[in-house]
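Worksheet: one structure, shown below.
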Amino acid sequence: MTKEELALEIIERLKREYPDAGCTLDYDDAWKLLVSVRLAAQCTDARVNVVVEDLYAKYPDVNALAEASPEEIEEIVRPCGLGKSKARDISACMRILRDEYGGKVPDDFNALLKLPGVGRKSANLIMGDVFGKPAIVTDTHCIRLVNRMGLVDGIKEPKKVEMALWKIIPPEEGSDFCHRLVYHGRDVCTARTKPYCDRCCVRDLCAKNGVE
């Protein structure tokens, strides 16, 4: 079985297992996803979802958040960890959105990468979830699982994993596939315990198959 064939079969099985998988960060506007994905670095999505409620209650739009000082933002987002750097990036990012993009998030990958605190993972998430464009989000779950499954061979650097997956994942499947990997990585193919291979829907296809 080629990697392309393996990828298609894994995609179909994960679709059946997690038909409604989507982004686990709560947002109802593109700029809020931009904020949340920055806060999610080294923090759980669940905690981010709680913290941003207070942030948006005080600063309900891009202009309001752009007017806030980094110190004011940090006071609220501190529970997410790395509060100083995250607040600084969010502040700078919102000011750029206000001053250069009319308060809107740009739908261009390279423009997103130029925003403070936005890397390839964040840019791909926004391109896929907000704008419905082809995207591959190489978070820790994605990197761990595609290595275990044999879709990539011992590649751990996020950009290299992304480039390898672009070659074998149909573009229209990339975003949803990565969301399903997050669900599967949390529930079954876990990082901190031995994977629950006995209830894995791709066990017979997996390169590791319980062997670590």
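I'm spelling it out carefully: the read-out is semi-axes √(5λ) of the Cα gyration tensor in Å, the candidates are (1) 34, 18, 14; (2) 56, 21, 13; (3) 26, 20, 14, and one was derived from this structure. Which label?
Recomputing semi-axes √(5λ) of the Cα gyration tensor in Å here picks out (1).
Quickly estimate the mean residue ellipticity at 222 nm for the chain, helices only: each DSSP H run with n ≥ 4 gives -39500 (n - 2.57), and the total goes over all residues, rounded to 500.
-17000 deg cm²/dmol
Tell me which residues come under 5 Å, amide H to amide H, from residue 135 once H is placed; ignore anything under 5 positions away on its chain.
Under 5 Å from the amide H of residue 135 lie the amide H atoms of 174, 175, each far enough along the sequence or on another chain.
Given the options 113, 2, 21, identify the residue whose Cα lies farthest towards the positive end of the charge dipole of the chain (+1 on Cβ of Lys, Arg; -1 on Cβ of Asp, Glu).
Positive-most Cα among the choices belongs to 2.
What lysines could a cross-link reach from residue 194, if we take a straight Cα to Cα line under 22 Å and drop same-chain neighbours fewer than 8 places away?
156, 208
Please give the charge dipole size of the stretch 1-104, origin at the Cα centre, charges +1 on K and R Cβ atoms and -1 on D and E Cβ atoms. Round to the nearest 20 debye.
For the stretch 1-104, the charge dipole is close to 260 debye.
Any idea what the dipole of the stretch 93-212 comes to, in debye rounded to 20, about its Cα centre with Lys/Arg Cβ at +1 and Asp/Glu Cβ at -1?
For this selection, approximately 400 debye.
No partner Cβ under 4.7 angstrom, meaning no disulfide-compatible partner by this rule: which Cys of the chain qualify?
By the Cβ distance rule, which asks for a partner under 4.7 Å, the isolated cysteines are 23, 93, 142, 178, 189, 197, 200, 201, 206.
With +1 assigned to the C-beta of every Lys and Arg and -1 to the C-beta of every Asp and Glu, and no other charges, what is the dipole magnitude of the chain about the Cα centre in debye, to the nearest 20?
Dipole size: approximately 800 debye.
Please list 103-111, 161-169, 191-199 highest first by mean number of surrounding beta-carbon atoms within 10 Å per residue.
Output ranking for 103-111, 161-169, 191-199: 161-169, 103-111, 191-199.
Can you list the equivalent-ellipsoid semi-axes of the stretch 24-102, largest first and in whole Å, using the square root of 5 times each Cα gyration tensor eigenvalue?
In descending order, the three semi-axes are 18, 14, 11 Å.
Suppose a student asked you for the relative contact order of the stretch 11-112, using Cα pairs under 8 Å spaced at least 6 residues apart; what percent would you report?
The normalised contact order for the stretch 11-112 reaches 24 percent.
Read-outs: derived from the displayed coordinates by stated rules, not from any lab. All of these numbers come straight from a predicted model, not from anything done at the bench. Neighbour counts run over all protein chains shown; Cβ positions are idealised from the backbone, glycine included.
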